[in-house]
Structure formats: C-alpha cells, structure tokens
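Chemist: Quick one: structure below, then a few questions.
The values are calculated or read from the model by the stated rules, or taken from the named source; none is laboratory data. In this text, all values refer to a predicted model and were calculated from it rather than measured experimentally. Note: ideal-geometry Cβ built from the backbone for every residue, glycine included; neighbour counts use all protein chains shown. Calculation scope for accessible area: heavy atoms of the full protein, side chains included, ligands and nucleic acids excluded. Shrake-Rupley method; radii C 1.70, N 1.55, O 1.52, S 1.80 Å.
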Amino acid sequence: MSDQQRTERAHTVARFMVESGRTVGVAESLTGGRISATLAAAPEAGTWYRGGIVAYAEEVKRSLLSIPDCPVVSKACAQYLAANAARLLGADYSVAVTGEAGPQSQEDAKPGTVWLAVTGPEGNEAILANFDGEPEEIVDRTIDAALELLLDYVQASTPARK
C-alpha cells in the first residue's frame, strides 16, 4: 500500500469516528508507534483518537497491558493487547499488533508472523498474517493490515453506517 493509500485509509477511519462519536486506541509492538502516528495525523484526531501504547518489550506487554502467561506472538496476546488498550485508554475501539519482523525468530514464530486484533462493541477479533520480506517491509505490511482490519471492523459496527 502506498503512503497515500495509508493516509486515505486513516482519513476514512477518522470520518467514521467523527460521524459516530466513537473513539479509537492502539496497542502495538513490532510497528513501534507507526500505527499511532498514522491515526494521530488524520483529520480531527483530537476528537476521536485516544492514544497508543507501544509495548515493544515482553515485560512491558505483561506489566502495562496485563498480558497473561501466553506467547507474545499469539492470538491470545493480540486479543489481550486490543482489549486492555481499549480499557486503559477509554476507547470504544482498539487495534493491536504483535509479531516478529525478524531477522531472527521469536518463541518459534518465524519472521513475518504477525497477529492483529481489534476490539469494539461487536467483540474482539484476531487474524494471523504471514508476511514475506525484510523487517521494514514486514512492519509496513503490518501497519497496512492493522488499518484495514480496523476500518473493516468499524464499517461493520459503527451505528452511523448501519
């Protein structure tokens, strides 16, 4: 996805949030705050964007975001990240990512293994993605997938769009 497409996707999320009066938060690991930065740059972010938590280190995930004893590259971890970020940030929706961009494996998760989760009024969903490429390419694809997952979820559940 191009930078322009990424920006357009964030602007669409912004429009839905403004129209519905809802809010969004982010919990991210391997993307290091880049999802948050993308959303914070969207129109009227001060009215709908609650913030982001960058929990790169495992101990931060466990202590700050209350991740239980499960692998940090897992569906359960992604779902806890999303749910706990929404709770901590006071957000109606939250998107979260956790994974391994490489070049080494982590917890038997090979580079390119990414779990994404979204939480909101309709519940908590998670998807597994496997991306090829260098670490920076994996991070870029993760950002795009997270924005797409969030937008799809929001479009399906935002009252203003039903």
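Chemist: Once you've got the GNM for the chain with C-alpha springs shorter than 10 Å, pick whichever of Gly25, Gly102, Gly52 has the biggest mean-square fluctuation.
Modeler: Gly102
Chemist: Which entry in (1) 15.7; (2) 15.3; (3) 16.7 is this structure's computed Kirkwood radius over Cα pairs in Å?
Modeler: Matching entry in (1) 15.7; (2) 15.3; (3) 16.7: (2).
Chemist: Roughly how much of Glu44 is accessible, in Å² to the nearest 10, using a 1.4 Å probe?
Modeler: 110 Å²
Chemist: Also, I was wondering about something else. How would Lys61, Lys110 line up by accessible area, probe 1.4 Å, largest first? Could the numbers behind the result be given before it?
Modeler: On the way: Lys61 5, Lys110 125 Å².
From most accessible down to least: Lys110, Lys61.
Chemist: Here's a follow-up. So, for the chain, what is the accessible surface per residue at a probe of 1.4 Å, expressed in square angstrom?
Modeler: In whole numbers, the chain has 45 Å² accessible per residue.
Chemist: Where does each of Met17, Met1 land when they are ordered by accessible area, with a 1.4 Å probe and the largest first?
Modeler: Met1, Met17
Chemist: Okay, next question. If I take every Cα pair under 8 Å that is 6 or more residues apart in the chain, average their sequence separation and divide by the length, what percent do I get for the relative contact order?
Modeler: Over the chain, the number comes to 24 percent.
Chemist: Using a 1.4 Å probe and ignoring any ligands, DNA or RNA, find the accessible area of Asp152 and quote it in Å² to the nearest 10.
Modeler: 80 Å²
Chemist: Taking a probe of 1.4 angstrom, what is the accessible area of Leu64 in Å², to the nearest 10?
Modeler: Answer for Leu64: close to 90 Å² accessible.
Chemist: In whole percent, how big is the carbon plus sulfur part of the accessible area of the chain, probe 1.4 Å, protein atoms only?
Modeler: Using a 1.4 Å probe with all protein chains present, the chain comes out at 47 percent carbon and sulfur.
Chemist: Still on this structure: Restricting to DSSP H runs of at least four residues, report the calculated mean residue ellipticity at 222 nm for the chain, -39500 (n - 2.57) per run over all residues, nearest 500 deg cm²/dmol.
Modeler: -14500 deg cm²/dmol, from helical runs alone.
Chemist: Where in region 31-67 is the amide nitrogen less than 18 Å from a point lying 7 Å along the Cα-to-Cβ axis of His11?
Modeler: 37-49
Chemist: Given an 8 Å cut-off on Cα distances and at least 6 residues of separation, report the relative contact order of region 95-150 as a percent.
Modeler: 35 percent
Chemist: Given springs between every Cα pair under 10 Å in a Gaussian network model of the chain, which of Val118, Val13, Val97 has the largest fluctuation?
Modeler: Judging by the Gaussian network model, the answer is Val13.
Chemist: Probe radius 1.4 Å, ligands and nucleic acids left out: which of Ile127, Ile67 has the largest accessible area, and how do the rest follow?
Modeler: Putting Ile127, Ile67 in descending order of accessible area: Ile127, Ile67.
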